[in-house]
Structures are given as structure tokens and as C-alpha cells.
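Here the structure comes first, spelled out in C-alpha cells, and everything after it is commentary.
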Amino acid sequence: MIDFKKAYNEMDSKKKWIVITLIVALVFSFYYNNVYKTHLKNLRNLKSQVLVLKNRYNKLNSQMPDVKKEQLAISELENKHKDLQSEIYLLEAELPSLSNISSFLSQLISLSADLGMDFIHIKQGSTEKKQDYARLNFEIKFSSDYAGFVNYLYRLGKTSNFTEIKKIEIEQSKELADGFFTATLAMTTLLGGNKNAQVSNPKEKDSGPFENIVVAKNPFMSGYGTGAKGDKKEEYILTGITFLGANSTAIINTEVYRVGDFIGANQVKAIFQDKVILQNGSREICLSLERD
């Protein structure tokens with residue numbers, strides 16, 4: 001075996017320097033090839049991955065919305081939604097209630113106060129339901145002069161924004177006083193599911209009672225019938241029936257009554273689709289609803 005230490009000691013200075021240089025070169029070469037190059041390769045891979053991640057981050061960042069801007073937009077939408085909800089609430093509060101149709105029809109009759117009109121009937125027609133709302137079709141028939149007719153239509157328009165007159169029929173008769181005629185209104189109204197809703201009363205909104213429209217001429221003036229209008233009036237006038245079985249109601253003298261209620265000394269004994277029976281002891285009164 002070669003004694004490297006002895007051989008190295010026997011070398012002169014020049015050879016020793018050469019040996020040291022070779023050893024250093026060998027160590028550097030080993031380090032470069034086996035350590036440095038591996039680390040350098042890993043470093044380049046890491047830099048490449050960092051660049052890919054950076055590009056991906058920039059791309060995602062460019063696609064992401066401006067959070068503050070979106071939050072402001074969301075806040076504006078929420079405020080608009082609240083405003084719309086408030087408007088819907090106010091509109092629904094003005095809708096006549098589906099469960100209180102009789103009161104609504106009774107109020108339509110009460111609008112004729114001081115107009116000299118005679119109500120013949122209010123017929124409740126079909127009810128078209130859809131979700132929380134419904135559309136009620138009904139008919140109003142009354143006799144009136146032209147001034148009362150015009151003012152009643154005016155009051156109907158002021159009472160509800162959801163009531164519409166679909167058709168008007170005018171009929172003159174010799175049995176009526178001169179200038180009077182029979183009017184039939186085919187009407188429809190939107191109903192809501194709010195049980196506490198009530199029909200708006202224009203008199204409560206305005207500063208005072210209705211201001212009647214002054215009518216100078218009656219275009220429906222009849223060429224016959226000059227006699228005075230009869231003064232005969234019934235004690236009880238039946239103008240409408242809402243037939244709902246045990247929950248049926250009737251409009252008598254512009255007031256809503258149910259079975260068991262009293263009208264003066266008479267008690268409502270029964271409500272049918274076209275008539276109401278009043279009872280006072282052994283005496284019965286039958287009020288019929290006019291049918292065409």
C-alpha cells in the first residue's frame with residue numbers, strides 16, 4: 001500500500017502545490033456536479049413554479065370583482081328591495097280582503113248616500129283565485145237620475161284603485177220618474193289575502209265630504225213619463241248576498257248581517273242564495289234578491 005503521507009512529505013514545494021491544487025479541483029468538481037448543479041436545477045424549478053403561480057394569481061385577481069364596488073351595489077339593491085316591499089305592503093293594505101267581501105260591497109252601496117239613488121241589487125259573480133290574490137266579478141244595478149249616476153261613478157273611482165267597470169247598461173222605463181233610468185254596472189275588483197285590509201274611504205283621505213259634480217244636462221232624458229217618482233219604500237231592502245254556507249252574509253239597508261243578527265226587532269233566521277228570511281216571533285219576512 002502506498003503511504004500517501006510519506007510520499008507527500010518527500011515531495012518538494014512545487015509538487016506539493018500541484019497536489020493541493022488537484023485535490024481542490026477534484027473537490028470543487030465533485031461539489032459542482034453533485035451538489036451545486038442539483039441545487040441550481042431545483043432553484044430554477046422553484047422560480048418557474050413561482051412565476052406560474054404569480055401569473056395565475058394575476059389572472060384570478062383580474063377576474064375577481066371589486067369587493068367595495070360590489071358591496072355598494074348590493075347595498076343599493078337591498079335598499080331598493082326594501083322600498084319595493086314597502087310599496088307592496090301599502091298597496092296590499094288598500095286591497096279589499098278576500099275574506100270580507102260583504103263589507104266591501106256594503107261600502108259600495110254607502111257611496112250612494114245623498115245621491116237620491118235606489119239600489120236594486122248587488123250580485124256577486126265568479127271569484128278567480130291565484131296564489132294570495134283573487135279577482136271578484138260582480139254586478140251593481142240601481143235607478144238614478146243622470147246627476148246621481150255621474151257622481152256615483154266619480155265616487156267609485158275615488159274609492160279603490162283596483163276596481164274597474166267593465167260594462168255599463170242604461171235602461172229607461174215608464175215606471176220611473178222623468179229623467180230617471182236604470183243602470184247596470186258589470187264590475188271587477190282585485191282582492192287580497194290580508195284579513196285586516198279595509199276598503200279605502202275617500203272621505204277619510206279628503207278634507208271633507210264628497211264635492212258633487214254639477215251636471216247641467218241629462219243626455220238620457222226620456223221623452224215619456226212625466227209623472228213624479230213614487231215615494232214607496234220598503235222597510236228592509238236586500239241589495240246583496242254573499243253565500244258561503246254557515247258564513248253567509250247579506251246586505252240589508254246598506255248594512256252587513258249574518259244569521260242570528262238582529263235588524264230592529266227582527267232576527268236574521270236564514271240566508272239563501274237569492275233570499276233572506278227575517279223572523280219576529282211567529283212572523284216571518286222574506287226578502288228576495290232580484291234576479292234577471
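The values are calculated or read from the model by the stated rules, or taken from the named source; none is laboratory data. No experiment lies behind these values; they were computed from the predicted model shown. All Cβ positions, even for glycine, are placed from backbone atoms using ideal geometry, and neighbour counts span all protein chains on display.
Reported count of residues in the stretch 103-129, each being aliphatic (A, V, I, L, M) and surrounded by 20 or more Cβ atoms within 10 Å (Cβ to Cβ), is 6. Go through the residues of the stretch 232-244 one by one and say whether even a single one is among the basic types (K, R), surrounded by fewer than 14 Cβ atoms within 10 Å (Cβ to Cβ) and either at negative phi or modelled with pLDDT of 90 or more (or both). Yes, that holds for at least one residue. With respect to L153, is the statement that it is modelled with pLDDT of 80 or more, surrounded by 13 or more Cβ atoms within 10 Å (Cβ to Cβ) and over 23 Å from E92 (Cβ atoms) true? Spelling it out, L153 is indeed modelled with pLDDT of 80 or more, surrounded by 13 or more Cβ atoms within 10 Å (Cβ to Cβ) and over 23 Å from E92 (Cβ atoms).
Condition check: part of a helix (DSSP H, G or I), loosely packed, with under 10 Cβ neighbours inside 10 Å and not aliphatic (A, V, I, L, M). Does K16 satisfy that? No.
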